[in-house]
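Working notes, beginning with the structure itself.
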Amino acid sequence: MHQLDVKNAFLHGALTETVYCSQPAGFVDPAPSDRHLLQRIITSLQQEFAVKDLGVLHHFLGVIVEPRPSGLLLHHRQYTLDILERARMTDCNPCSTPVDTQAKLSEDVGTPIADPTAYRNLAGAMQYLTFTRPDITYAVQQVCLHMHDPRKPHLTALKHLLRYLRGTI
């Protein structure tokens, strides 16, 4: 996988060709995949657009890309560690589920928390994490429902989710 930054390609380029995001079924041609062909394509793109060659794809918008025999593994490991550090929970005890299965979050139960901005920042950061962690989608949605007026039970749910992330990095 190779990464290019093509500036303004979609603003100025008229695309009339069919573009495939994956190889079309039945198409087999092992000969074009080589470094010379890649360089020719990059050179051709550079003649039409301002292109920055970023080399082998390692990360994209904070998502780490690791090649595996079965495909690509996309993850936010470092991003998750940064969230835990921001919450001062890098050494917390992990838990095995993203939500407390016994608790129900209500809108107006509990006292308001002292720092709602920190709550909102952490909840928002976890929303981005759901791109590579579908297992936390429901839990993140539940804590985000209360960003307008976070209370102690909501903060407890948020910390529970952080403990789950700690155990599943």
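The values are calculated or read from the model by the stated rules, or taken from the named source; none is laboratory data. Small disclaimer: the values here were computed from a predicted structure and weren't measured. Ideal geometry is used to build each Cβ from the backbone, glycine not excepted, and the neighbour counts take in all protein chains shown. When the accessible area is computed, the model is the full protein with side chains, heavy atoms only, and any ligands, DNA or RNA have been set aside. Shrake-Rupley method; radii C 1.70, N 1.55, O 1.52, S 1.80 Å.
Give a quick list of trypsin sites (Lys or Arg not before Pro) in the stretch 76-119 that DSSP marks as loop, anything other than H, G, I, E or B, with at most 15 other Cβ atoms within 10 Å. List each step's numbers first, then the result.
On the way: sites: Arg77, Arg86, Arg88, Lys104; in loops: Arg88, Lys104.
Listed in order of number, the matching sites are Arg88, Lys104.
Can you tell me the accessible area per residue over the stretch 43-169, all protein chains present, probe 1.4 angstrom, in square angstrom?
Numbers: 8010 Å² over 127 residues.
I get 63 Å² per residue for the stretch 43-169.
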Inter-label distance, nm, simple model (7 Å from Cα along the C-beta direction), Asn93/Asp34: 6.1 nm
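For the stretch 1-143, what's the relative contact order in percent, using C-alpha pairs closer than 8 Å and at least 6 residues apart? All intermediate terms of the calculation are to be shown ahead of the outcome.
On the way: 84 pairs, mean separation 31.2, N = 143.
With pairs under 8 Å counted, the relative contact order is 22 percent.
Only four residue types carry charge here, +1 at the Cβ of Lys and Arg and -1 at the Cβ of Asp and Glu. Report the dipole size of the stretch 74-169 about the Cα centre in Debye, rounded to the nearest 20. Mind dumping the intermediate values first?
Numbers: 11 positive and 9 negative charges, 33 e Å.
The dipole of the stretch 74-169 has a size of about 160 debye.
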Rounded to 10°, Cα long-axis angle of helix 116-129 versus longest principal axis of the chain: 40 degrees
Burial ranking of peptide ranges 55-65, 25-35, 128-138 (average Cβ count within 10 Å, highest at the top): 128-138, 55-65, 25-35
0 to 90° range, to nearest 10: angle between helix 77-86 axis and the chain longest Cα axis: 30 degrees
